[in-house]
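Nothing in this text is a laboratory measurement; each read-out follows from the coordinates by a stated rule. Note that the structure is predicted; figures quoted are calculated from it, not measured. Cβ coordinates were reconstructed from backbone atoms using ideal geometry, including for glycine residues, and neighbour counts include every protein chain displayed.
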Amino acid sequence: MKNIPLIIYGVIGVVNILGHYLGEPGMVRFSKPMLMPALLFFVYHHAQGRVTFRILMLCVALVFAWLGDLALMQKGEMYFLLGLGAFLVTQILYTYIYFKSSFEKPEFRLMPLLPILTFTIFLLFILVPIVPDNMQIPIVVYGLSLTAMASMARLRGGLTSENSFQWVMMGSLLFVVSDSAIAIDKFYQPIPYDSIVIMGTYIVAQLLIVRGVLDHPE
């Protein structure tokens, strides 16, 4: 019974990936808007009636991710920017949630963050000169928010349970991979099986992040 929300999310995720693989837009349009509501159901089921500030913020983050999903399903620059804005809020909230889901205040340490920071600098160095002028600032701002999210996930090491740290860390890195793939595919060069790569990493990332946050001991 307790695994029903995970099964529902998994089935929806598989339908989405199959829709991309088979070239069936109807399957994609049906499944993508259902992903975040399924995760919200998982959070609700896990909470068992307990409403904490951390769980509330997690739900808000998922709502903005859902709005981002809906926006990115549409075509056009305006919808892309709306989706970027919605996911910017999600990344900010995730960063704050990670900060609060620690036994004590995480301290900034450069060495553990070097791989994340190096990747961000490298990717922005490639992308910024080739994106349209009116999108350069939004791309940089979102890239920095994504980096902050992944960095805070890394800094939680030793400040939460091992399961919570590992789930959140893996989910955050997959989120970076997913969004980086979107940027590379859109602005730099097409990625083989782009939709499968983007959605596959995104679907797993969101699940791992939610699972990790919920696994943090109260």
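Somewhere in the range 163-185, is a residue touching a helix residue (DSSP H, G or I) at 6+ places or on another chain (Cβ under 7 Å), free of Cβ contacts under 8 Å to residues at least 24 places away in the same chain and not aliphatic (A, V, I, L, M)? The answer is yes; a qualifying residue exists.
Considering only residues that are under 13 Å from the mean Cα position of the chain (by Cα) and in contact (Cβ under 8 Å) with a residue 24 or more places away in the chain, which ones fall in the range 186-210?
Passing the criteria: Met199, Gly200, Thr201, Tyr202, Ile203, Val204, Ala205, Gln206, Leu207, Leu208, Ile209, Val210.
One residue alone among Phe103, Phe30, Phe99, Phe64 is among the aromatic types (Phe, Trp, Tyr) and either buried (at least 18 other Cβ atoms within 10 Å of the Cβ) or in contact with a Phe, Trp or Tyr (Cβ under 9 Å, 6 or more places away or on another chain) (or both), and that residue is Phe64. Restricting Phe87, Phe175, Phe108, Phe119 to those that are loosely packed, with under 14 Cβ neighbours inside 10 Å, hydrophobic (A, V, I, L, M, F, W, C) and at negative phi reduces the list to Phe108.
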